[in-house]
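Below you'll find the structure, written out as structure tokens, and then a few comments.
Since every read-out is calculated from the coordinates, none of them should be taken as a lab result. Keep in mind the model is a prediction, meaning the values are calculated, not measured. Note that we place each Cβ from the backbone using ideal geometry, even for glycine, and neighbour counts take in every protein chain shown.
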Amino acid sequence: MRDLHASTVIELEKDQQYIINFIEFHLENKVYLTTAHTDLTVDLGHGEGTKQYVSGSDLITFGNVTESQTLDISSMSFVLSAVDQTNLVTALGQDTINRQIKLYRGLLDTSNYALVADPILLYVGNIKSFDAKETPGDTATLTWATASAMADFNGTAGRRTNQEDQDAFLAITQPTSTPVDLGFEFAGQLEVDVQWGQT
């Protein structure tokens, strides 16, 4: 069971609650959204400082959060409007795969719309893919598919055979020179299972 801040418990005991969500896209250019009726500049109380969360119609929907006592892999999709091209440019203009998305749920005090202390971190996942769709009638959506950190639990640790990992490895082992090893440049196009090491 989660530990709730005392002020959250008091707010939950009232006849009405104003439940809001905070979604953080930890991209190169971070994006902070909220489902509140107005922009909020708040500290969520998790040691990360004050941030401005933008309210608006960009966030269309996101999946349900389920919890269990067993170790499982959770996933969630976040759907944003792509009518305003800013979201699409964000998705296409930077590295987004394996970037983190966090979902917090909190309460606003119904008497003054102030944030009730310490919203709960409901979900942390990494972006696995995104999909942009345009439909007739000038509607466009951008869907971010995410999976929790446990998604790679059974994966093999170590380097991957792609050019980005090779460049990152060389940048660590040879920091004074520019990586020029292009040995994995076309590795993603191979359809042959290449065996490494002794057989």
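Label sites at Lys128 and Ala6, each approximated as a point 7 angstrom past Cα along Cα to Cβ, lie 4.2 nm apart. Between Thr86 and Thr41, the distance separating the two model label sites (each 7 Å from Cα on the Cα→Cβ line) works out to 1.7 nm. Taking each residue as 0.36 nm, the span from Lys14 to Gln52 lengthens on full extension beyond its C-alpha to C-alpha distance by 10.9 nm.
Quick check: the distance between the Cα centres of the stretch 92-117 and the stretch 5-36, to the nearest angstrom? Taking the Cα centre of each part, the stretch 92-117 and the stretch 5-36 sit 6 Å apart.
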